[in-house]
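Just below is one structure, and these are the notes that go with it.
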Amino acid sequence: MLCKDIHSALSPILARYESDQICYVVDKNCATLPTRLRLIQGENSLLLVVQESRKSLETVQQIWDFLFEHDITRHGLLVAIGGGVLTDMAGFAAATYKRGIDHVNIPTTLLAMIDASSGGKTGFNYHGLKNSIGAFYPPVETIICPAWLESLPPHEFLSGYAEMLKTGLLNTKLWPQLLRYDLDTMDIPALTPLIEQCVGVKERIVAADPKEEGLRKALNLGHTFGHALEEILMDNSQFTMHNAQLAVLPHGYAVLYGLIAELYLSVIKLHCSKEPLHQLTQIMLHYYGKPQCKCSDRDALIRLMQQDKKNERTAEINCTLIRSVGSPVLNQTITPEEANEAWEYLFSL
Ligand SMILES: NC(=O)c1ccc[n+]([C@@H]2O[C@H](COP(=O)([O-])OP(=O)(O)OC[C@H]3O[C@@H](n4cnc5c(N)ncnc54)[C@H](O)[C@@H]3O)[C@@H](O)[C@H]2O)c1
């Protein structure tokens, strides 16, 4: 639900649980936003502030340990407040603790608001592979309050906007509106109706196919290439974005680069018009910049794509492509040569 006042949205949910059975698991960068946080959780609540910025088993364990330490029963509630990294891990901890306790997501990044905090995918990265351990476990509610975005750094705003662009490519009404939004302003009131529409598009797709057996694969547009890029850059990388030094490539940037590679394949394999590819390329060059690593080890990228959990068969590369904006085509098999050509295109821009 989209709301202005988190407290009034959350109170009726909290009323269903014993107060000593409610745990707050909060992203470190939100714990420093005291007014809003205190308003939500009160003075004496159980609060775990998560410092880690990667989705690791260690952090999931830390959340499990916190729940055990405070004797949370199967009737407890976990309230996750943070970006997609936090909500993915807290959701998985909730899914598995005592065979599952209820959880509520309060997303605080744009990316988490429009994508990660809804739809029930939870998990963490393992053996260098994105989200390779996880569960489908929807929250009892997702409470979206765009006011959190006021403190979001520009590169995180852009990261979330890239996932919005992905959603827009699946919807003919939304795409032109996203192209018209003035990204220079990062204006939150003007963005709010677009957030609502993105959430609506995702909710409708997930309701039709909660376990990703068909239609939901449309939401993976950009992710076969994007995940491989994230995985190859997972360790020992440095990125400079809008004057910030980052150790992790923001997920949305990887998705945007993946979208460009997959729109290129949509043009050559499905004869999609070049227009969306050109529109997205302009946005990338103007706001995001080119990929900061050329990833010269293409064989390693291809191997990562062949290990993607979305593949139907081992060693095959499976992608969602589009025939046109609003017309995704699922389960497209990509040969290593085609994948290589798409990487070449992306890195030549
Ligand atoms: N479960 C799903 O369906 C799904 C969908 C899309 C993406 N994801 C996952 O989401 C993750 C990315 O999420 P993300 O982009 O939110 O990254 P993130 O959770 O790492 O947050 C980005 C940064 O913003 C900080 N932050 C959070 N809220 C803030 C605020 N209000 N003000 C200032 N700083 C704030 C965080 O501490 C972090 O440093 C990826 O791991 C991706 O795989 C999951």
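The values are calculated or read from the model by the stated rules, or taken from the named source; none is laboratory data. Just so it is clear, the model here is predicted, and its values are computed rather than measured. Backbone-built Cβ (ideal geometry, glycine too); neighbour counts: all protein chains shown. The accessibility values were calculated without ligands, DNA or RNA, using every heavy atom of the protein model including side chains. Shrake-Rupley method; radii C 1.70, N 1.55, O 1.52, S 1.80 Å.
Summed over the range 101-155, residues that are under 21 Å from residue 30 (Cα atoms), within 9 Å of the ligand (Cβ to nearest atom) and in a loop (DSSP other than H, G, I, E, B) total 6.
Can you say whether residue 159 is assigned to a loop (DSSP other than H, G, I, E, B) and either open to solvent by 10 Å² or more (accessible area, probe 1.4 Å) or of a type in the set (S, T, N, Q) (or both), as far as the supplied structure shows? Answer is no for this residue.
Residue by residue, here is whether (1) within 19 Å of the chain's Cα centre (by Cα); (2) under 21 Å from residue 53 (Cα atoms); (3) assigned to a helix (DSSP H, G or I); (4) within 16 Å of the ligand (Cβ to nearest atom) holds:
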residue: 231; (1), (2), (3), (4): yes, yes, yes, yes
residue: 260; (1), (2), (3), (4): yes, no, yes, no
residue: 264; (1), (2), (3), (4): no, no, yes, no
residue: 284; (1), (2), (3), (4): yes, no, yes, no
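None of 192, 185, 167, 172 is outside the structural domain of residue 130 (by TED's automatic domain parsing), without any contact (Cβ under 8 Å) to a residue 60 or more places away in the chain and open to solvent by 10 Å² or more (accessible area, probe 1.4 Å) except 185.
To keep it simple, each residue is scored yes or no on (1) touching a Ser or Thr at 6+ places or on another chain (Cβ under 6 Å); (2) of a type in the set (A, V, I, L, M, F, W, C); (3) under 24 Å from residue 336 (Cα atoms).
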position	(1), (2), (3)
217	yes, no, yes
222	no, no, yes
238	no, no, no
242	no, no, no
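Kindly establish whether residue 338 is within 29 Å of residue 174 (Cβ to Cβ), of a type in the set (D, E, K, R) and open to solvent by 20 Å² or more (accessible area, probe 1.4 Å). Against the criterion (within 29 Å of residue 174 (Cβ to Cβ), of a type in the set (D, E, K, R) and open to solvent by 20 Å² or more (accessible area, probe 1.4 Å)), residue 338 qualifies. Residue count for the range 62-115, restricted to those that are farther than 19 Å from residue 156 by Cα, open to solvent by less than 30 Å² (accessible area, probe 1.4 Å) and among the β-branched types (Val, Ile, Thr): 5.
Here are 19, 11, 56: which of them is at pLDDT 85 or above, within 13 Å of the ligand (Cβ to nearest atom) and polar (S, T, N, Q)?
Numbers: 19 fails: within 13 Å of the ligand (Cβ to nearest atom); 11 fails: within 13 Å of the ligand (Cβ to nearest atom).
The match here is 56.
Within the range 286-309, the set of residues being free of Cβ contacts under 8 Å to residues at least 60 places away in the same chain and in a loop (DSSP other than H, G, I, E, B) comprises 289, 290, 292, 294, 296.
Condition test on residue 295, is it in the same structural domain as residue 161 (by TED's automatic domain parsing), over 22 Å from the mean Cα position of the chain (by Cα) and not basic (Lys, Arg)?
Details: in the same structural domain as residue 161 (by TED's automatic domain parsing): yes; over 22 Å from the mean Cα position of the chain (by Cα): yes; not basic (Lys, Arg): yes.
Yes.
Only one entry of 108, 73, 59, 142 meets the criterion of being under 23 Å from residue 212 (Cβ atoms) and among the β-branched types (Val, Ile, Thr), and that entry is 142. Residue 200 meets each of the listed conditions (1) open to solvent by 20 Å² or more (accessible area, probe 1.4 Å); (2) away from the ligand (no atom under 15 Å from the Cβ); (3) outside any loop (DSSP other than H, G, I, E, B); (4) not β-branched (Val, Ile, Thr) apart from (1).
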